[in-house]
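Presented below is the structure to which this report refers.
The values are calculated or read from the model by the stated rules, or taken from the named source; none is laboratory data. This one's a predicted model, so the numbers in the text were calculated from it and none came from an experiment. For neighbour counting, all protein chains shown are included, and Cβ atoms are generated from backbone atoms with ideal geometry for every residue, glycine included. Areas reflect the complete protein model, heavy atoms only, side chains present, ligands, DNA and RNA absent. Shrake-Rupley method; radii C 1.70, N 1.55, O 1.52, S 1.80 Å.
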Amino acid sequence: MTSDSAATAAATDSAAEAEAAEAAEATPEPAAAPARSRASRIRRGLAWTAAVLVLGSAGAGWWVYSHLEGNIDSVDLDRAIGADNRPPKVVEKAQNVLVLGSDSRAGANAELDHGKVSGARSDTAMLVHIPEGRSRATAVSIPRDTLISRPECKDGDGKTVPGAERVMFNSVYSVAGPACVVKTVEQLSGIRVDHFVEVDFAGFKGLVDALGGVTVTLDEPMTGAKGGLKLDAGTHRLNGTDSLKFVRTRYGYGDGSDLGRIGLQQQFMLALLAEIKKQDALGNPARLYKLADAGTKSLTTDSDLASLSALADFAQSMKGVDPSTMETIMLPVAYDKVDPNRVVIAQEQASQLWEALRTDQKVPASAKDSPAKGGGGKGAKPSKSPAPSPSPSA
């Protein structure tokens, strides 16, 4: 029996019992009639009140579930890519999740960052590997300016998009959609992507605000160059809007490169996960609803994750991963010889990295040595002891 059916039956039984009690007292002794009549009316009122509350709570629960579930968009990866065109899974119980942050300016996103820019790109891309046992994780950031070979893909309308050489990685999303990004990563790495999760500007901002902000520490200041975020060195509690500026800061910090920005994105991700763990957000129903409502409003996943129950089960399985032990790596790249403003994959190091993740082994130090490093400054890092209640920055 469903929860709604059970609730309806319970409510009906309560009301029926009240009616039966009243019928049994239909012929009371004359002297006690007023008191018994009042008692029966009270019992009947309480029964109907209970019925309304039971039905109301069941209806509210169903509305909440339907509301959150309806927020999630999904893509069937096997159908979009073709099951035969995907690499085999090597370690069955390990998980590989592609996390995309898209820079679409559509809808509410336009108010958050230069709304006149058309289209959307994968502003952030991380392949997160969770080994068998799920007690740790490794996140590999793919620089957006990396020149890659884009495979032939189907776009969201099912139209064929021909492959192309030497295109920027972040352009794949705008040309052919998220499934093509997954296919590109699978062909670059030989790793089967089990799931993908995409969130846009508005969803990112809402998630941070639902947490009440995220605390980060800078060892050197951000100057706010070219409209970016301006922060002194030290610890700051950032609200959603400033957090978005933080992870998108390129100029005014370090060497102003995209490679330098990756360090900020990785450190903020760790700070965000640490904040969720610190607040026990997954164990607090009220806070969990607030996070789920904010997070799912702008969420796209693969079809296997596109339900509240699937997301909850997956999140529960990840509770053993400690953000403080999570390893963050930038895909090894070298500056392109033709266009020094772009980078290409350093195949020797990248091959070692992909092989380690594919076979669920420890990543060797040599696989982390990127010829092009970028200057991310001395570092931005999550605060070890986030202040419990500072006011978010405006």
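Phi-derived couplings, Karplus 6.51 cos²θ - 1.76 cosθ + 1.60 at θ = phi - 60°, listed residue by residue for the range 131-136: x, 4, x, 6, 10, 8 Hz, with x used for Gly and Pro. Between Thr235 and Leu218, the built amide H atoms are under 5 Å apart, and every one of these is 5 or more places off in sequence or on another chain. Measuring r between the beta carbons of Ser149 and Glu92 and using R0 = 25 Å, the FRET efficiency lands at 0.30. Extending 7 Å from the Cα toward the beta-carbon at both Lys278 and Thr325 defines two label points whose distance is 2.1 nm.
Kirkwood hydrodynamic radius computed over the range 190-298 comes to 14.9 Å, based on all pairs of distinct alpha carbons. In this structure, the amide hydrogen of Val128, modeled 1.01 Å from its nitrogen in the peptide plane, lies closer than 5 angstrom to those of Val97, Leu98, Val99, Val140, counting only residues at least 5 positions away or on a different chain. For the range 198-209, backbone phi angles converted through the Karplus equation (6.51, -1.76, 1.60; θ = phi - 60°) give residue-by-residue couplings of 10, 10, 9, 3, 5, x, 4, 4, x, 5, 5, 5 Hz, Gly and Pro being listed as x. Counting 0.36 nm for each residue step from Thr359 to Ser135 and taking away their Cα separation leaves a gain of 79.0 nm. Across the range 342-358, the residues whose backbone nitrogen lies under 12 Å from the label position 7 Å along the beta-carbon direction of Ser366 are 348-353.
Applying a threshold of 32 Å to the alpha-carbon distances of Lys230/Lys277; Lys159/Lys290; Lys93/Lys297; Lys277/Lys337; Lys278/Lys362; Lys154/Lys277 flags Lys159/Lys290; Lys277/Lys337; Lys154/Lys277 as lying beyond it. If R0 is 45 Å, what FRET efficiency do you get for Lys373 and Asp73 from their C-beta distance, rounded to 0.05? Computed FRET efficiency for Lys373 and Asp73: 0.80.
Can you give me the accessible area per residue for the range 112-261, using a 1.4 Å probe, in Å²?
So the range 112-261 comes to 37 Å² accessible per residue, rounded to a whole number.
With K and R counted +1 and D and E -1, the other residues having a Cβ less than 12 Å from that of Asn239 yield a net charge of +1. Summarising the amide proton neighbourhood of Ala372: residues at separation of 5 or more, or on other chains, whose placed amide H is nearer than 5 Å comprise Val333, Ala334, Tyr335.
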